[in-house]
Amino acid sequence: MSVKDTLFKCLQFGSFQYGDYTLTELPLPEGIDPEIVGEGTTIKSYVWKSGWLRKIRLCELNLKGKFVAESLVMYPDITLINPIFGTEFVNAGDKRFFGTIDFHPLRNDYVYNQQYIKEYLGDQPDRTKNKSNIYDLNKFFSKKLWIKSDTTNFYDEYLEKLELYINRYTKMMAKPRRENSLGLQIDYDKHLAGTDPAYGILKTYYDKDFAEKYINTFLFDLAKR
């Protein structure tokens, strides 16, 4: 199993339980190929839409023997205020492992958190980390952020938790709430694009222009608006 496999499994389940989550493939940005192979590196990029989800993008980055990362983000339609779904798993040379999963809130008021975070993730433990040198955890991350770092590979545990979170997300997206969220989604993309550690990796193994293009046209395509 992989992040992609788990996504497909959960969307199939979501279609059975809550509505149509059939995936429609979208074109990649100009200059971004589905698979980019370099010297000891591979980047696979996927992008789809499904129902109220305007964009589902998945990146699989493999620096052979050094670094493997899977990053998935699902964006609701810009006419909806529902949270953004985000997750990432990193294997750094089989020595360090890191995983996160979250419903990224577009607002952080009490009513919003009750309606989206507590309602669907209330049985999950509160996050164990409240400060970050990189991310604004209080604005762009929920109290139910699942985050783990270890020197032992916990990928199976991560996939199990990922399946739970995606299933809860598809259930939540079956109840879309109308409110224009374009500005809030732009803010999210700008923050994540400006703090994503992938920039340094892509710049090192490819070049600066490619790193900026990949982050600002594929990973976080609203960042430059």
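Across segment 113-209, the convex hull enclosing all Cα atoms gives 159 Å³ per residue. The packing ranking of peptides 95-105, 141-151, 19-29, highest mean first, is 95-105, 141-151, 19-29, where packing means the average number of other beta carbon atoms within 10 angstrom of each residue.
Longer than 28 Å from Cα to Cα, which of K64/K171; K66/K118; K118/K213; K55/K208 are they? Say none if no pair is. Mind showing how you got there, number by number?
Details: K64/K171 37 Å; K66/K118 38 Å; K118/K213 36 Å; K55/K208 25 Å.
Listed pairs above 28 Å: K64/K171; K66/K118; K118/K213.
Computed over neighbours whose Cβ is under 13 Å from that of F67, the net charge equals 0, Lys and Arg +1, Asp and Glu -1. Using C-alpha pairs below 8 Å separated by at least 6 residues, the relative contact order for segment 3-219 is 19 percent.
One Cα centroid belongs to segment 115-155, the other to segment 63-99; the line between them spans 13 Å. Quotient of the Cα radius of gyration of segment 1-71 and 2.2 N^0.38 Å, N being its number of residues: 1.27.
With +1 on each Lys and Arg Cβ and -1 on each Asp and Glu Cβ, and nothing else charged, work out how big the dipole of segment 3-219 is about its Cα centre, in Debye to the nearest 20. Kindly include the intermediate steps, with their values, before the conclusion.
Values: 30 positive and 30 negative charges, 120 e Å.
Value, rounded to 20: 580 debye.
Exposure proxy ranking for Y120, Y165, based on other Cβ atoms within 10 angstrom of each Cβ and starting from the fewest, stands as Y120, Y165.
By the compact-protein rule of thumb, 2.2 N^0.38 Å, the alpha-carbon radius of gyration of segment 3-219 corresponds to a ratio of 0.99.
Each reported figure results from applying straightforward, stated rules to the coordinates on display, with no laboratory input. Remember, predicted model here, so these are calculated numbers, not experimental data. Reconstructed Cβ throughout: ideal geometry from the backbone, glycine too, with neighbour counts over all protein chains shown.
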